[in-house]
1. Looking only at region 124-177, count how many residues are assigned to a loop (DSSP other than H, G, I, E, B), in contact (Cβ under 8 Å) with a residue 60 or more places away in the chain and farther than 29 Å from Val469 by Cβ.
2. Just one of Ala338, Ala317, Ala330 is out of contact with any Asp or Glu (no Cβ under 9 Å at 6 or more places or on another chain) and surrounded by 18 or more Cβ atoms within 10 Å (Cβ to Cβ); which is it?
3. Would you point out which residue out of Val345, Val351, Val318 is farther than 23 Å from Phe198 by Cβ and β-branched (Val, Ile, Thr)?
4. Can you give me the ranges of the helices (runs of 4 or more DSSP H) entirely in region 248-358 with at least 3 residues that are closer than 30 Å to Arg437 by Cβ and at pLDDT below 85?
5. Spot the failing condition for Phe436; the list is (1) at pLDDT 90 or above; (2) closer than 20 Å to Gly278 by Cα, and only one is missed.
6. Would you confirm, using the coordinates I've provided, whether Thr59 is closer than 30 Å to Cys452 by Cα, of a type outside the set (Lys, Arg) and at pLDDT 75 or above?
7. Residue pairs, Cβ under 8 Å, 6 or more apart or interchain, first in region 349-367 and among the aromatic types (Phe, Trp, Tyr), second in a helix (DSSP H, G or I) and open to solvent by less than 10 Å² (accessible area, probe 1.4 Å). List them.
Amino acid sequence: MRFAELLRTKPVEDVIGQNRTDPTRPETGAGQLHQNLRSRDLVGFGVGIVIGTGIFTLTGLQAKENAGPAVVISFLIAAAVSLLAALCYAELAAAVPTAGSSYTYAYSTMGEIFAWIIAWDLILEFALGGAVVARGWSGYMAGVFDLPDKWFAEEGSVVNLGAIAIVVLLGWVAMRGIRESKWVTNGLVVVKVVVCLFVIAVGAFYVDTGNWVPFIPEPQPSDADSGSLTAPLWQFVTGAEPSSYGIAGVLVAAAVVFFAYSGFEAVANLSEETRDPGRDMPRGLLGTLGLCTLLYVGVCLVITGMVHYTDLSEGDAVADVFDQVGLTWAGILIGIAAVAGLTSVILVDLVAMGRIGFAIARDGLLPPVIGRVHPRWGTPVVMTLLTIGGVALLAGLVPIAVLAEMVSIGTLFAFLVVSIAVLVLRRTRPEMERPFRTPLVPLVPVASIVCCLGLMASLAVETWLRFVVWLVLGLLVYVGYGYRHSRLRRRETEPDAVA
């Protein structure tokens, strides 16, 4: 194994050609994904995955523990970083429409080893994201319908059967086809957008502006040790005294609620199934971000205005604030909407995982059978089945607290790679057709890189350690299988065999 071979890049022309030509793809045995999506469908999928756990659960938790009413600033910081990354995604997704998203962008710019690392990261991001949200879904179901904690609640359950059941059900929908997934997702999106607007409109009448004072609470000493693995990385490195609230608390909350914006990777993964990616992908990405940010800000302002931040629920804050002001019926309605919202997040996670595995297997870095597309449904059925099994296992057995921050670090790492890819392709392929161009290059990509690193530094040391362990395991898989079976390597060393 030579180091230069690890940095081999996949020509952009090959990526575009494999996506839009030869529907049987006999050389990979994979088949071709069906192109059924428009910009409105992409916004539906984006809102479907973005609006979920972040607004229904993380808002109350982070306002109470870290940011106070300034949690709205945390959401705006996360939105700003997401906007920078979305502008980079839009250029690449429009110019190089592919199911692999940031994995394929890295393959075309940085080299095979970096592509594999980001692919392994994406598997982590979406698998854990689906599992986390499935457990949240099960908990809301238990609250709304008074189901037994033993099988549905986050606390007290040994095997969370509710989480397993929803993963299996939605996995079947994801496996049946992108159109079926689109219809289910869009229906659920309508429900939760309407309820978010309901929260803002009705809750505004119960806002007490005194609850917003002070908007950024004064910093308070934290019980955590700056040298412990639960401390943010920057505090661990600098030895700074841990504290809650203040500017540091707002930044910590921003790093955590970034989880709420982790839908862009899923939207970009659907570019190969989009009819006109040059036009629809930028609209889908930016439209998703704009709509979700407006709803997030509105909901955050209302719930921190209705109830003092110290009295917010850490589990179901949005529903609980209406209970506290005497609108119990509204709390029940919002709980039902939360179930719908979390359902769509799980579905889009499963859809995205299937497309990532399809792209990796098509390049030979995973066994070809994993990327095989069903001849009638037009979905990567084997990868989707593997995803259902893995996510159901995680959702049934692993608590949310162990997994949640891993999703944020995985998403930030993907955004970081995409921002670098824009800079590299602008230098190496200036002549490439770009239906959408990221503005103010290199300023926007560089700002995205810096902001992503800043938020990653606000995550706990133990999260970084788990992330590094996961990447090491991925490198072992690459050395054991991917390197030897890479189609790009075989094309260079065994052209006759590949042909």
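The values are calculated or read from the model by the stated rules, or taken from the named source; none is laboratory data. For clarity, every value in this text was computed on a predicted model and none was experimentally measured. Backbone-built Cβ (ideal geometry, glycine too); neighbour counts: all protein chains shown. In case anyone asks, the SASA skips ligands and DNA or RNA and just uses the protein heavy atoms, side chains included. Shrake-Rupley method; radii C 1.70, N 1.55, O 1.52, S 1.80 Å.
1. Step one: filter region 124-177 for residues assigned to a loop (DSSP other than H, G, I, E, B), giving 146-148, 153-160, 177.
Then drop every residue that is not in contact (Cβ under 8 Å) with a residue 60 or more places away in the chain, which leaves 154, 159-160, 177.
Still in the list and also farther than 29 Å from Val469 by Cβ: 177.
The total comes to 1.
2. On the way: Ala338 fails: out of contact with any Asp or Glu (no Cβ under 9 Å at 6 or more places or on another chain); Ala330 fails: out of contact with any Asp or Glu (no Cβ under 9 Å at 6 or more places or on another chain).
Checking each option against the conditions leaves just Ala317.
3. On the way: Val345 fails: farther than 23 Å from Phe198 by Cβ; Val318 fails: farther than 23 Å from Phe198 by Cβ.
Every option except Val351 fails the conditions.
4. On the way: elements: 264-268, 277-306, 317-324.
Output list reads 264-268, 277-306.
5. (1)
6. On the way: closer than 30 Å to Cys452 by Cα: yes; of a type outside the set (Lys, Arg): yes; at pLDDT 75 or above: yes.
Yes; evaluated as a whole, the condition is true for this residue.
7. Every condition considered, the pairs that remain are Phe358/Gly371.
One line per residue, one yes/no per condition, for (1) open to solvent by 10 Å² or more (accessible area, probe 1.4 Å); (2) modelled with pLDDT under 85; (3) under 19 Å from the mean Cα position of the chain (by Cα):
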{"site": "Ile73", "(1), (2), (3)": "yes, no, no"}
{"site": "Val81", "(1), (2), (3)": "no, no, yes"}
{"site": "Ser101", "(1), (2), (3)": "no, yes, yes"}
{"site": "Ser108", "(1), (2), (3)": "yes, yes, no"}
